[in-house]
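The structure appears right after this line, and notes come after that.
The values are calculated or read from the model by the stated rules, or taken from the named source; none is laboratory data. All values derive from a computational prediction rather than experimental measurement. Ideal geometry is used to build each Cβ from the backbone, glycine not excepted, and the neighbour counts take in all protein chains shown. For accessibility, only protein heavy atoms count, side chains too; no ligands or nucleic acids. Shrake-Rupley method; radii C 1.70, N 1.55, O 1.52, S 1.80 Å.
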Amino acid sequence: MAKIKSAKVIVCSPGRNFVTLKIMTDEGVYGLGDATLNGREKAVSSYLEEHVIPCLIGRDPSQIEDIWQYLYKGAYWRRGPVTMSAIAAVDMALWDIKGKMLNTPVYNLLGGKSRDKIMVYAHANGKDLSDTVEEVGRHLEMGYKAVRAQSGIPGIDKTYGVPKDKGRYEPAEKGLPKEDQWSTEKYLNYLPTLFKTLRDEFGDEPHLLHDCHHRLTPIEAGRLGKEVEPYHLFWLEDCTPAELQESFKLIRQHTTTPLAVGEVFNSIWDMQELISSQLIDYIRTSIVRGGGISHMKKIANFAEIYHVRTGFHGATDLSPVTMASALHFDLSINNFGIQEHMPHHEITEEVFSRSYTFEDGFMYPGDAPGLGVDINEDEAAKYPYERAYLPVNRKEDGTMFNW
Ligand code: EZ4
Ligand code: CO
């Protein structure tokens, strides 16, 4: 029986902050897990270092489910993004180790391939209407079959999804939180025009998505969903903050636009009613947020009964270790919907090597044993942690709002 010999947390900032757990066995095999929680990185790294790693030493790394239950039930304090990100990191690393020890890719351990390729969606971020049209066109030319369109809103200074300079959008910024501005009225008046223009320009075929980023009330979301119905979005994401799961009943009464929710959720109990009452169409929780591969398997299997498919979060704050885990998972389940793909910074790719690939709008996890991701610790050491936060958001009159 192999034993966990040691484990360490690597915090680095190649382009942005990442927290990576590396678990070593006494047989020389190691596994990687992602523990990055955007803007709260050090809370998870200290949770792992102070409270989790000491409990792992000497355990059998093949007992993934038992270790998951030990960390979840054994903490007494259940759920929450810090705890669940830490458990997720351990879980990913153990699946990675199991794959390496059995010399097979993780998707094989999850039931094998359920499809040949994984459809991903890209981000098109424009400062205004014409810029957004251009960005959507650029991504379609790159081969993407699905594109999320976000745009600057006329009359609003700085908002979600709009890069400061042309090109890459990374919401977390160094230093203390920056402030965005918000007007629901200006947003709602503008958004249908954006999607009408995109359909006029690109026709019916490309899948178009949009992220409301938690900014509408249920009835406002109902209005927006209804008004964009002619442009048949693939999904409208996080239209309302979802702590109050029953609020989605109101949205459902008003629109047939498919709804995606859950990138901030961290356990099956955050979405139990949303799924079982069929109030959403896609569940967004990804491997790092939702307690790792083991817990996400339960979520995806539960969702399958209720016609809910997966649409995992895949922004740049999820490290290549989560991206790889997600791709193995996406390939293996039947109720896969789509996968978000926001390519990492070139510097990130110098620290993390990966066997997953992108081609013509689809991604592939590759056939390397385990997750197929590695970290170069010497490279990582060149990029120490830098404090960074997600922005906060205020209405035009100064009221603190949802970001
Ligand atoms: O704001 O990952 O759908 N994607 C998103 C992301 C999130 C960031 C938060 O860390 O909503 O851009
Ligand atoms: Co989102």
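Numbers at a glance
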item: Index of the failed condition, Arg138 passing every other in (1) over 27 Å from Lys22 (Cα atoms); (2) touching a residue at least 24 places away in the same chain (Cβ under 8 Å); (3) open to solvent by 10 Å² or more (accessible area, probe 1.4 Å); result: (2)
item: Any hit, the range 163-171, residues being open to solvent by 10 Å² or more (accessible area, probe 1.4 Å), touching a strand residue (DSSP E or B) at 6+ places or on another chain (Cβ under 9 Å) and not in a loop (DSSP other than H, G, I, E, B); result: no
item: Subset of the range 272-308 (residues that are within 16 Å of ligand 1 (Cβ to nearest atom) and either of a type in the set (Lys, Arg) or more than 17 Å from Val106 (Cβ to Cβ) (or both)); result: Ile280, Asp281, Tyr282, Ile283, Arg284, Thr285, Arg289
item: Criterion (without any contact (Cβ under 8 Å) to a residue 60 or more places away in the chain, open to solvent by less than 10 Å² (accessible area, probe 1.4 Å) and assigned to a helix (DSSP H, G or I)) met by exactly one of Ile293, Ile275; result: Ile275
item: Which numbered condition Asn335 misses (of (1) more than 16 Å from the chain's Cα centre (by Cα); (2) crowded, with 24+ Cβ neighbours inside 10 Å; (3) not β-branched (Val, Ile, Thr)); result: (2)
item: Count of residues meeting criterion [outside any loop (DSSP other than H, G, I, E, B), of a type in the set (Asp, Glu) and out of contact with any Ser or Thr (no Cβ under 8 Å at 6 or more places or on another chain)] in the range 346-403; result: 7
item: Unmet criterion (only one of (1) polar (S, T, N, Q); (2) open to solvent by 30 Å² or more (accessible area, probe 1.4 Å); (3) assigned to a helix (DSSP H, G or I)) for Thr83; result: (2)
item: Residues being in contact with a His (Cβ under 7 Å, 6 or more places away or on another chain) and open to solvent by 30 Å² or more (accessible area, probe 1.4 Å) - total across the range 359-402; result: 1
